[in-house]
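See structure below.
The values are calculated or read from the model by the stated rules, or taken from the named source; none is laboratory data. Just so it is clear, the structure is predicted and the values come from calculations on it, not from any experiment. We place every Cβ from the backbone using ideal geometry, glycine too, and count neighbours over all the protein chains shown. Ligands, DNA and RNA are stripped out before the accessible areas are found, and what is left, the full protein with its side chains, is counted by its heavy atoms. Shrake-Rupley method; radii C 1.70, N 1.55, O 1.52, S 1.80 Å.
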Amino acid sequence: MSTEQDEIIRAVSQDANLGSYEEARRTFSWTDAEKHFTWHTTGKLNMAYEAIDRHAEAGLRHKAALLYSDATRSETVTYGEMRDRSNRFGNVLRKLGVQKGDRVFIFMPRSPELYYALLGTIKIGAIVGPLFEAFMEQAVRDRLEDSEAVAIVTTPALLPRVPVADLPHLKHVILVGDGIEAGPGQADFHAEMGQASDQLDIEWVDREDGLILHYTSGSTGKPKGVFHAHNAMIQHYYTGKIVLDLKADDIYWCTADPGWVTGTSYGVFAPWLNGATNVIRGGRFKPQDWYATLESNKVTVWYSAPTSFRMLMSAGDDIVEQFDLSSLRHVLSVGEPLNPEVIRWGMHVYKQRIHDTWWMTETGGQLICNYPSMDIRPGSMGKPIPGTDAAIVDDEGNVLPPKRMGNLAIKTPWPSMMRKIWNNPSKYEEYFRLQGWYVSGDSAYMDEDGYFWFQGRVDDVINTSGERVGPFEVESKLVEHPAVAEAGVIGKPDPLRGEIIKAFVSLRDGIEPSDELKADIAKFVKEGLAAHAAPREIEFKDKLPKTRSGKIMRRVLKAWELGLPTGDLSTIED
Ligand code: 6R9
C-alpha cells in the first residue's frame, strides 16, 4: 500500500462537503422523496411515464434520452422519440391481446429497440422480464416456464434458444430484425411498430403493481424470479440523485446489461427518472471501445463493476493516455468487492475516486454506498444511504457490536424492496426470518465509524465477474452430460474475475478421464446454460463428499481447493 496514493485519496475527499451525509440522514424522509411525483396524491402511477413522458411533456422533448452505439450503429433518441416509440410498442402488445399483469420477456442484445420494448411493456402495465442474451435454451426455458410468460421479444438469431413448442403459455414471439417473415404466433417488430399509433392510453397502476421480474441465482434450486413493483421508483429516483449524483446536464453511462438488475434499476430507471442523458454501448467489452465511449459521449458519471475496472487496469495505463477522459466527474462500482488497489489505480489514471456501492437483485436499489461527499475508505462498501439502516446481526437477529463479523442485514422496509419471489413464498420468507430484518446472505462487519466491510457470501452462491451463479443450476446441467455421474461446483478465488467456477466431477463407470472430455463437458454447460455459467476448471474425482442424505458437501470441496482443514465431517456418507 503506497502512502503517497492514500494521501491523494484523503486530499480529494477533503474537498468534498463532509457533514452532508450526516445532515441528509437527519433530515431525509421517504415520504418527502415521494412528493417529487404528482402521483403521491392520486395514488396512480406508471414508471415509464415518470421516466420518459413526464420529461417530454415538461420541455425536454428534444433532449437526448439515449445515446446508443455499437460497432455498426450510432443513434441518438430524444425524450420525445422515446415516448412515441415506447407508446407504439405498448400498442403493438395491446393489439396482440397482452394485458396488465402478463409477463413479457425481452431476450436480445442491447439496442434502442430493447428500450422501446421494455418501456412499452411497462406502459401497458405488463411485467417485463429481461433476459441476458448469453442464455441458452435451458436457462430461457426455466424462466419462461416459471413465470408463464405470454410473449417474448427476441431476434431471429436467438429464436432457436426459445423452446416455443414446450411453452404452452407463450403465445407471441415478436422478432426484431430486417426482412422478417413472420410465421404463426410470430410478429415482425418493425412492421408492427410502423403500423401502430404513437398515442397510447397509459395503464395507470397502483404503486404495488408488478413492474419487473429479474431471475437470480441462489445456492439451491432453480433461479428465483425476484418481483419488483412500480413503487421502487422512489428509490431509483432518489439514489440516482444522491448516490449517482445525477444533475440535469449529466451524460451518464451504466455499463451493465438490462438482463441484470443493475442494467434496469440504474441503466434505465434511475437516469431517466432524473432526466439525464443515458449512454448505452452495445457489443462486447473491449478497453479501447470503452474509453472511446467515455470520450466521444463526454460521459460525466460512470457506473461499472470491479471486474471491468480490473480488466481495464490490466489493459495498461498507456491506453488511457490515448483518450481525453476529462469530462468524467463521478465514478461508481457495484457487483463484487472493489479492491483498494483498483481505487488507487483509478485515482492515478482517471483522477477520480471510484465509489463502491452495495445492493442486490432482491433489494432493487442501492443501500450501502460511498455517498459522494463522504470520505472513502478503500475496501469498504460505505454506509447505509439516508432513509435506511443496516446492521450486522447474528443468526438469532441480535445486533452485533462493531468489528464483529456476521450477517449483513437491512432494516425493513425500503421502497425498492422485492415484493415476492415468483411462485415461491417460502423462499421469500427466508429473507425475512429475523423479525424486522432483511437477511442478505452476505457476511460483513461494521467498523467503529459505521463503514461496512464485505467478507463473503454466507451461502454457496458464486460471484464470477460480478454475475451471480447458483452452483445447483450448474451441477444439474453437468449431470445431464452422458459421461458425468455426479458433480459439485464451487467458486475458486481469481484475481481478475473475483471467482471462477470450478467443477468436481465423478465419471460414470467405464469412462476414461481426459482433457478432451473436460473440454467437452465445459462446452456442454456453455451451450446448454450460458457461457458465464460454464466451469473454467474441471477436476475428476472417483467419489464426491456427500452427506448421508445425498447432498454434495460443497464446503469440503472448497476446503480441498484452498488446502484448508475440512472441518466437521460427522454428516458425511463414508
Ligand atoms: C447489484 C448486484 C448481489 C451480490 C451481493 C454480494 C455481491 C454486490 C457488492 C457485492 C461486495 C459490493 N455484491 N455489490 N459484494 N461489494 N459493493 O450486484 O446484484 O447480481 O443480485 O448480486 O453481489 O454478494 O449479495 P446481484
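Here are the numbers:
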read-out	value
The stretch 195-288 - charge dipole about Cα centre, Lys and Arg +1 at Cβ, Asp and Glu -1, debye rounded to 20	620
Theoretical gain in end-to-end length, Phe323 to Asp198 [0.36 nm per residue, Cα-Cα removed]	41.0 nm
Heavy-atom SASA rank of Trp30, Trp414, Trp204 (probe 1.4 Å, accessible area, largest first)	Trp204, Trp30, Trp414
Candidates per GluC sites (Glu not before Pro) in the stretch 147-253, loop by DSSP, up to 13 other Cβ within 10 Å	Glu181, Glu208
Whole-number D in µm²/s for the chain (Stokes-Einstein; Kirkwood sum over Cα pairs; 25 °C, 0.890 mPa s)	99
Over the stretch 433-550: Kirkwood hydrodynamic radius from C-alpha pairwise inverse distances, Å	16.0
Top positive-direction residue, dipole computed over the chain with Cβ charges, set Asn46, His330, Gly120	Asn46
Heavy-atom accessible surface of the chain: percent carbon and sulfur, 1.4 Å	49
Nitroxide proxy distance, nm - points 7 Å out along Cα→Cβ at Glu148 and Leu400	4.2
Extension gain, Ser314 back to Thr76 (0.36 nm per residue minus Cα-Cα distance, nm)	82.5 nm
Average accessible surface area per residue within the chain, 1.4 Å rolling probe, Å²	41
Förster radius 22 Å - calculated FRET efficiency between Asp166 and Ala191 (Cβ-Cβ, nearest 0.05)	0.20
His481 accessible area, assembled protein chains, probe 1.4 Å, Å²	10
Trypsin sites (Lys or Arg not before Pro) restricted to the stretch 268-337 and DSSP loop, no more than 10 other C-beta within 10 Å	Arg284
Separation of the Ser29 and Ala157 label points, Cα + 7 Å toward Cβ, nm	5.2
Accessible area (Å², 1.4 Å probe, nearest 10) - Arg433	150
Estimated inter-spin distance, Lys286 and Gln99, nm [label 7 Å along Cα→Cβ]	4.8
